[in-house]
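Nothing in this text is a laboratory measurement; each read-out follows from the coordinates by a stated rule. Here the structure is a predicted model, which is why all the values come from computation and not from measurement. Cβ: placed from backbone, ideal geometry, glycine included. Neighbour counts: every protein chain shown.
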Amino acid sequence: ECGKCSFDQMMQERMQAEVLPIGDRSVVGGFHLAEGIYYHEGHTWARPEHGGRVRVGLDDFGQKLLGKSVRFELPNIGHEVKQGEPGFAVRRNGEMARVLSPVDGIISHVNEELIRHPELLHESPYEKGWFFIVEPTKLRGNLKALYYGEEAHHFIQEEREKLLAMADGDPRFAADGGDSVEDIFSEFKDAGWSQLVKGFLRT
């Protein structure tokens with residue numbers, strides 16, 4: 001009964017409070033990627049951790065796509081999420097985007113600090129800006145369907161090319177070595193919220 005032992009309970013408490021350090025990072029087309037993390041096509045990420053649990057968040061491309069004036073609606077503890085189906089919601093200026101979960105599982109922890117301080121997502125999307133932790137139910141199969149390593153790099157590069165095409169070659173979206181636009185939605189004059197959400201978050 002590992003889940004009932006004092007050590008496991010201590011680790012659960014630490015998981016909620018601790019900011020997990022991310023090792024190597026890279027920049028692809030102006031967007032930051034954290035190594036050792038699995039990426040979903042809907043721009044969420046999954047990181048297997050202690051006890052087989054999985055931490056979930058929104059990648060750098062996703063947080064820049066939605067911008068800074070957002071608030072979150074996270075699932076309750078005990079809620080079941082499914083890979084490729086809406087796992088949480090983001091709201092901005094009266095608009096809402098449903099964001100896909102990268103894995104199947106049962107919610108065991110929710111980042112309450114992120115709800116109180118949404119800016120954490122933009123300051124630290126792979127550490128302080130995580131959304132929830134799940135007890136996975138189909139982890140091995142789920143991970144096979146996600147991007148990892150070089151595959152993740154290629155995926156983000158393709159997304160950057162698609163974004164550049166939507167922006168009609170606007171040089172602000174053409175960053176190669178440096179950072180990309182911080183608030184993509186606010187920079188698009190013609191593309192609406194629904195177009196960006198459907199095109200990149202796949203919802």
Handout entry: Taking region 39-80 and dividing mean pair separation by its residue count, relative contact order in percent (alpha carbons under 8 Å, at least six apart)
Key = 27 percent
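Just in region 103-152: which GluC sites (Glu not before Pro) are loop by DSSP and have at most 16 other Cβ atoms within 10 Å?
127
Rounded if a/c is under 1.5, else prolate if a/b is larger than b/c, else oblate: which is region 85-173, with a ≥ b ≥ c the root eigenvalues of its Cα gyration tensor? Could you put the intermediate results ahead of the total?
Numbers: a/c = 1.99, a/b = 1.24, b/c = 1.61.
Note, shape of region 85-173 comes out oblate.
Checking the a/c ratio against 1.5 first, then a/b against b/c, what shape does the Cα gyration tensor give for region 52-91? Don't skip to the end; give the middle numbers.
On the way: a/c = 2.19, a/b = 1.60, b/c = 1.37.
Prolate, since a/c reaches 1.5 and a/b exceeds b/c.
Compute the signed sum of charges (Lys and Arg +1, Asp and Glu -1) over the other residues within less than 10 Å, Cβ to Cβ, of residue 25.
Details: positive: none; negative: 24, 35, 60.
The answer is -3.
At 25 °C and 0.890 mPa s, what whole-number value in µm²/s does Stokes-Einstein give for the translational diffusion of region 44-203, with Rh from the Kirkwood sum over Cα pairs? Mind dumping the intermediate values first?
Working: Rh = 16.2 Å.
Here the translational diffusion coefficient equals 151 µm²/s.
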